[in-house]
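Here's the structure, in structure tokens; my notes come after.
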Amino acid sequence: MIELRKITDDNFNECIKLEPKEGQKNYVASNICSLAEAYVALTNNECLPLPYAIYNNDIMVGFIMLSYNKADNEDGENKYWVWRLMIDKQYQGKGYGKEAMTNALELIRTFQYGKASAVYISYEPENIVAKTLYASFGFVETGEIEDGELVAKLVL
């Protein structure tokens, strides 16, 4: 059974050791980089980063990082983002990514961090596996490109 657990002092080192398969490393930042980005975003009041370890029972199998972004002057919309989703190379192909995404969307829909109208995600254009996974949840590409990645939106 997949569950999301906050990153803590107790699981930080284990989390930063997780990594995708060699051919996937250009699709997702390392977990240490993601956690550093979360720190920078938090200390600069850019958003509320929400990093989680993905567990299957008590075994850490991956990492997901969400964020809650309050409305800015640009679009006036509160939103959630899925910044990262990675399953460690030894645990791929078991459905953990899909289950983790299901759990993440359930968490978002509780609005525990704030109300929002949509969830956004971005991915490399050539990452067909990610595109297919996110489309299966109802994410629709917006036509926007952010840092070279396609942006997709799921209305809540």
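Any read-out appearing in this document is the output of simple, stated calculations on the displayed coordinates, not a laboratory observation. Computed from a prediction, not measured in an experiment: that's the story for all the values here. Reconstructed Cβ throughout: ideal geometry from the backbone, glycine too, with neighbour counts over all protein chains shown.
P(r) for the range 2-155, from all Cα pairs and a bin width of 5 Å, is 2, 9, 19, 24, 23, 15, 7, 2, 0 %, short bins first.
Per-residue Karplus couplings for the range 145-156, computed as 6.51 cos²θ - 1.76 cosθ + 1.60 with θ equal to phi - 60°, are listed in order as 10, 10, 6, x, 10, 6, 9, 10, 10, 10, 6, 8 Hz, Gly and Pro entered as x.
What FRET efficiency, computed as 1/(1 + (r/R0)^6) with R0 = 41 Å and r the Cβ-Cβ distance, is obtained for residue 112 and residue 147, rounded to the nearest 0.05?
Working: r = 28 Å, r/R0 = 0.68.
According to the calculation, E is roughly 0.90.
Scanning residues 5 or more positions from residue 141 or on other chains, those with amide H under 5 Å from its amide H are 153, with H placed 1.01 Å from N in the peptide plane.
You can think of it this way: the chain between residue 25 and residue 8 has 3.7 nm of extra reach, that is 0.36 nm per residue less the Cα-Cα gap.
Per-residue ellipticity at 222 nm computed for the chain from its helices equals -8000 deg cm²/dmol, with DSSP H segments shorter than 4 residues left out and the rest contributing -39,500 (n - 2.57). In the structure displayed, which of 17/79; 89/115; 25/115; 25/131; 17/70 lie more than 27 Å apart, Cα to Cα? As for pairs spanning more than 27 Å Cα to Cα, those are 17/79; 89/115; 25/115; 17/70.
Per-residue Cβ neighbour counts within 10 Å put 88, 10 in the sequence 10, 88, beginning with the fewest.
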